[in-house]
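For reference, the structure is listed below as structure tokens.
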Amino acid sequence: MSEIPTDEHAPVQGEMPFAIVGGEAVTELPKDLYIPPEALEVFLDAFEGPLDLLLYLIRKQNLNILDIPIAEVTAQYVAYIELMRELQLELAAEYLVMAAVLAEIKSRMLLPRPRVAEEDEEDPRAELMRRLQEYERYRKAAGELDTLPRLQRDIHVVVVAYEGKPVKRPPPKVNLHELLGAFQSVMKRAELYQHHHITREVLSVRERMTRVLSRVNAEGFVKFESLFIVSEGRMGLVVTFMAILELLKEALLVVVQSEPFGPIHVKAAA
């Protein structure tokens, strides 16, 4: 078996230092090094209050918030508080109040109750469940608000200083001829939005026939021109003429002319 040739000039990696202190590499630990127990820090999940901790324990165990096993949750809650005390963490009084509430609910559920009281008494967990549901809604809303873009966190305002000279823009000079031309173009556009409204005819041929026949029956012999009311306009004249023609057609009127080119009279048929 042949030996592997070694190169005396090949680079050799040196020992990596533990730290650099004062610009010098430290490769060996000091023999008199003492690490106090307080130097060991344990970082736990930060909770914003007792409801936050309680909701965390429920979600961690995949429990239903509407049917909380109060004994199990109380044991976990008290164990967490004891852990916080052992680690010398600052413990707020709110956590202890919640522990007392859980203990009270647990005792109320363990104690026997009369049958009559069971029907009327509310579930001891009901108030706690309502508080947890309300807290969860606010927590979800706060999380959605936190995802929105925030000034100085996601959006930064950029201010650019302009060192140039301000530009003066004088207003344009408009003479009267240009102003009238602009107004004329506006008037032309306004004419495009005009609407032609067709109104319902207010005159009735049947009603005019009744009026003409009543007058002829009352006077007996009526001049043809007197049956028309000029103030009604062209529409009124046409309606009256159509009414006279309809009466002649139905043989209710008779038209009489005594001589050629003489006046025309209208009378009722015999």
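Where a number appears in this text, it was derived from the coordinates with a stated rule and is not lab data. Because the structure is a prediction, the values reported are computed rather than measured. Note: ideal-geometry Cβ built from the backbone for every residue, glycine included; neighbour counts use all protein chains shown.
Miscellaneous remarks
- Shape box of region 205-268 [Cα atoms, principal axes, largest first, Å]: 30, 22, 21
- Given their separation in residues at 0.36 nm each and the Cα-Cα distance between them, ARG131 and VAL186 gain 13.3 nm when the chain is fully extended.
- Order of LEU245, LEU53 under a 10 Å beta carbon neighbour criterion, fewest first: LEU245, LEU53
- Counting every other Cβ atom within 10 Å of each residue's Cβ, THR74, THR27, THR199 order from fewest to most as THR199, THR27, THR74.
- In terms of other Cβ atoms within 10 Å, LEU180, LEU102, LEU252 run from fewest to most in the order LEU180, LEU252, LEU102.
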